[in-house]
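Structure first, commentary second.
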Amino acid sequence: MGSVKDYFSSLGSGIASLIKGMGVTGKEFLTSKVSEQYPDKRDTIAYAAPRFRAKLQFIYEPDGRNRCTACGTCQRNCPNGTISITTKTVDLPDGKKKRKLDTYLYDLGSCTFCQLCVTTCPFDAIEFTNDFEQAVFTREKLVQKLNYLPEQPGDPAPKPGTPVRPAANVAAKPVATDAEKPAAGNPATDNENKKEN
């Protein structure tokens with residue numbers, strides 16, 4: 001007798017949930033629909049939330065200068081190497097040398113949009129836009145140079161012959177211990193050292 005009671009109670013709860021679901025479907029069926037004409041009317045459609053993170057960009061001052069000082073904080077804090085900064089050395093009018101930003105490369109294809117670069121930047125030089133239309137046909141186009149504006153006339157120019165080197169990925173040569181140093185007068189190790197140099 002208990003199994004028949006359980007059968008009809010489960011049948012009743014199933015019918016009740018079916019009626020509830022059909023009520024929601026019927027309500028949406030009778031609601032008037034709104035079609036947004038995307039992508040034809042991009043100007044009038046608010047298609048991305050203001051907090052949506054789509055692409056990293058520089059913040060430029062009104063005179064055309066960016067705020068980046070090439071400190072490398074964003075590059076060090078990026079968890080997967082999305083940012084690559086290259087610096088150059090310039091001579092100031094007072095004779096001092098200064099490190100300056102040369103190229104700021106951003107790989108949109110490997111970015112996880114964690115915003116660690118933006119929150120740790122001490123000069124508020126970068127921000128995320130909410131423009132989500134970033135589709136391209138090749139991965140190479142996802143690597144973008146963010147400092148695309150030319151240098152301003154008042155900026156100091158680098159000296160001729162100043163080497164351009166990346167700010168990061170400069171690995172120091174390991175110092176050889178006494179056990180690893182070649183023995184003096186051994187012709188086999190002397191030839192190998194000459195080939196390496």
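Every number here is computed from the coordinates shown, using simple stated rules; none is lab data. Keep in mind the model is a prediction, meaning the values are calculated, not measured. Cβ: placed from backbone, ideal geometry, glycine included. Neighbour counts: every protein chain shown.
In this rough spin-label picture, where each label sits 7 Å from Cα along the Cβ direction, the residue 44-residue 24 distance is 3.3 nm.
Return the subset of 27/55; 97/145; 88/145; 100/141; 55/100 for which the Cα-Cα distance in this structure is over 27 Å, preserving the input order. Table pairs above 27 Å Cα-Cα are 27/55. Highest-first packing order for the peptide set 88-97, 23-32 is 88-97, 23-32, based on the mean count of other beta carbon atoms within 10 Å. Relative protection proxy for 7-16, 49-58, from highest mean packing down: 49-58, 7-16 (other beta-carbon atoms within 10 angstrom). Here the range 72-116 is treated with +1 on each Lys and Arg Cβ and -1 on each Asp and Glu Cβ, and its dipole about the Cα centre works out to around 220 debye.
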